[in-house]
1. Quickly run through the stretch 45-60 and pick out the residues that are surrounded by 14 or more Cβ atoms within 10 Å (Cβ to Cβ) and more than 8 Å from the ligand (Cβ to nearest atom).
2. Being in contact (Cβ under 8 Å) with a residue 24 or more places away in the chain and under 12 Å from the mean Cα position of the chain (by Cα) is the filter; apply it to the stretch 44-53 and report the residue that is farthest from residue 72 (Cα to Cα).
3. Testing residue 22 on (1) surrounded by fewer than 14 Cβ atoms within 10 Å (Cβ to Cβ); (2) under 24 Å from residue 5 (Cα atoms); (3) modelled with pLDDT of 95 or more, one condition comes back false. Which one is that?
4. Among the residues of the stretch 12-29, write down those that are without any contact (Cβ under 8 Å) to a residue 12 or more places away in the chain and within 13 Å of the ligand (Cβ to nearest atom).
5. Determine if the stretch 37-44 includes at least one residue that is surrounded by 14 or more Cβ atoms within 10 Å (Cβ to Cβ) and more than 13 Å from residue 13 (Cβ to Cβ).
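The values are calculated or read from the model by the stated rules, or taken from the named source; none is laboratory data. Since this is a predicted model, take the numbers as computed values, not measurements. So basically every Cβ, Gly included, is an ideal-geometry build from the backbone, and we count neighbours across all protein chains shown.
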Amino acid sequence: MSEGSFRLPDEHLEKAKEIAARHRTRRSCRVCYERGWTGVAQDNTIVLCHKCVDAEKAFADWKEHVAAHEELRAEYAELFQEPEDGQPESQS
Ligand SMILES: [Zn+2]
């Protein structure tokens, strides 16, 4: 078994596509043909269309989806990293 060979399960890939489509900001797009994504990466995650998708909102939705699924949370742990190592932000 090699490390770092995570592949997003297809059910979540479908969800990601849904999210991408939901956050499209224009009607027609020649980059993604109205899909909201332009390709699928090796880890089975989509490549958002840079032309018509509000990436920030799509990302927020994706983060929510990940948070709701234990198996994804471990893989996307970096999304949830917060400075909580006993070192509260100091505003000196
Ligand atoms: Zn597009």
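1. Listed by number, the residues that qualify are 45, 46, 48, 54, 58, 59.
2. 48
3. With respect to (1) surrounded by fewer than 14 Cβ atoms within 10 Å (Cβ to Cβ); (2) under 24 Å from residue 5 (Cα atoms); (3) modelled with pLDDT of 95 or more, residue 22 is out only on (2).
4. Of everything in the stretch 12-29, those that are without any contact (Cβ under 8 Å) to a residue 12 or more places away in the chain and within 13 Å of the ligand (Cβ to nearest atom) turn out to be 27, 28.
5. Within the stretch 37-44, one or more residues are surrounded by 14 or more Cβ atoms within 10 Å (Cβ to Cβ) and more than 13 Å from residue 13 (Cβ to Cβ).
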